[in-house]
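Just so you know, all these numbers are worked out from the coordinates, no wet-lab data involved. Keep in mind it's a predicted model, so treat the numbers as computed, not measured. So basically every Cβ, Gly included, is an ideal-geometry build from the backbone, and we count neighbours across all protein chains shown.
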């Protein structure tokens, strides 16, 4: 796909009485390291068949020593900025969705901002687990529509393998590392984001959590020895809530736009588990030919999964001019959301 030249141009954009925010470009980046199912067979009591049957995953990227979240976030962001044909100084808003920041302070978004030279941007981190990118896009959409920002850079970036217990086969087979980014900006009113909704319910917090390292328990020899900084997950319970939540909120944004699942050209869900993807698509009545899945190659990259998927859809020409795209996610918190967009 050919990216637009500076979207519609500054003068034309100023003259548009009613604008939407749309994705102008995307980018992605991964560590070179790859952890296959065969590798995991030698580390924990599991097998390629067990992992593939339950998750759909064949391999995942794994950061090496000395690699960190913002390293890949910057690479993905630079791609997106170059493809949008804007200068980093034109970015007004920079949101980094992550649960694996470089450090506690300052925000990873500020470190990314400095590397990019996006010195005019308001920059902050957003913690919504796997729903982080959808949350970020929803906020950026409102800022652009309110004319508080012209160009927004939304990044999902994670080094999840640093928080995985490689003796726990229920979690270590799932998570991978990577980053995806998107530049959002004003587009003509019939394009761009048609509806966006985000939700959360803290009553499900214990279904996916890591309790060590915060102000409640701190970081001590006891928390480290107990593995409390590793992710813990209740997969069966999470599956049911995820399918229901992603289905319901997808129908909600479709209804808001006076559209139905039959109108969708491409369904891009968070890549959490192939069975979740299939269950949600089935409940929505979306044929598999209209569903994008890349979980086999990347695993669950949390907030990075949807922007990575979008970039791959562009590269493989799965997305075409004026296609209706539905994105939905579910993550720890619990958090979930959906964005409906005319490409």
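Okay, here's what the table says:
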| read-out | value |
| --- | --- |
| Spin-label model distance (nm) - residue 220 vs residue 39, 7 Å beyond Cα toward Cβ | 3.5 |
| Helix-only [θ]222 nm of the chain, DSSP H runs n ≥ 4, -39500 (n - 2.57) each, per residue, nearest 500 | -9500 deg cm²/dmol |
| Candidates 155, 193, 51, ranked by Gaussian network fluctuation over the chain, Cα under 10 Å, top entry | 51 |
| Reference-scaled alpha-carbon Rg (2.2 N^0.38 Å with N residues) for the chain | 0.95 |
| Sequence-separation-based contact order of the range 194-342, relative, with Cα cut under 8 Å and 6+ spacing, percent | 36 |
| Contact order relative to length of the chain, as percent, for alpha carbon pairs under 8 angstrom and 6 or more apart | 25 |
| The range 194-342 - Rg and Dmax from Cα coordinates, angstrom | 17.0, 55 |
| Isotropic mean projected area of the C-alpha convex hull, the range 76-163 (nm²) | 5.6 |
| Folded to 0 to 90 degrees: helix 305-315 orientation relative to the chain principal axis, Cα | 50 |
| Rounded Å value of the spacing that divides the Cα centres of the range 265-343 and the range 179-245 | 17 |
| Cα pair distances of the range 70-115 binned at 10 Å [whole percent] | 26, 56, 17, 1 |
| Diffusion constant of the range 206-290 at 25 °C, which comes from Stokes-Einstein with the Kirkwood Cα-pair radius and 0.890 mPa s, µm²/s | 161 |
| Candidates 258, 300, 273: whichever shows maximal mean-square fluctuation once the chain is modelled as a Gaussian network with Cα springs under 10 Å | 258 |
| Theoretical gain in end-to-end length, residue 48 to residue 320 [0.36 nm per residue, Cα-Cα removed] | 94.4 nm |
| Using alpha-carbon coordinates, inclination of helix 69-84 to the longest axis of the chain, degrees | 20 |
| Along each principal axis, Cα extent of the range 10-190, largest first, Å | 61, 34, 24 |
| Angle in degrees between helix 274-284 and the longest Cα principal axis of the chain, rounded to the nearest 10 | 50 |
| q = 0.24, 0.28, 0.30 Å⁻¹: log10 I(q)/I(0) that the Debye formula gives for the range 287-328, counting C-alpha atoms only | -0.93, -1.20, -1.31 |
| DSSP beta bridges in the chain [antiparallel fraction, %, rounded to 5] | 70 |
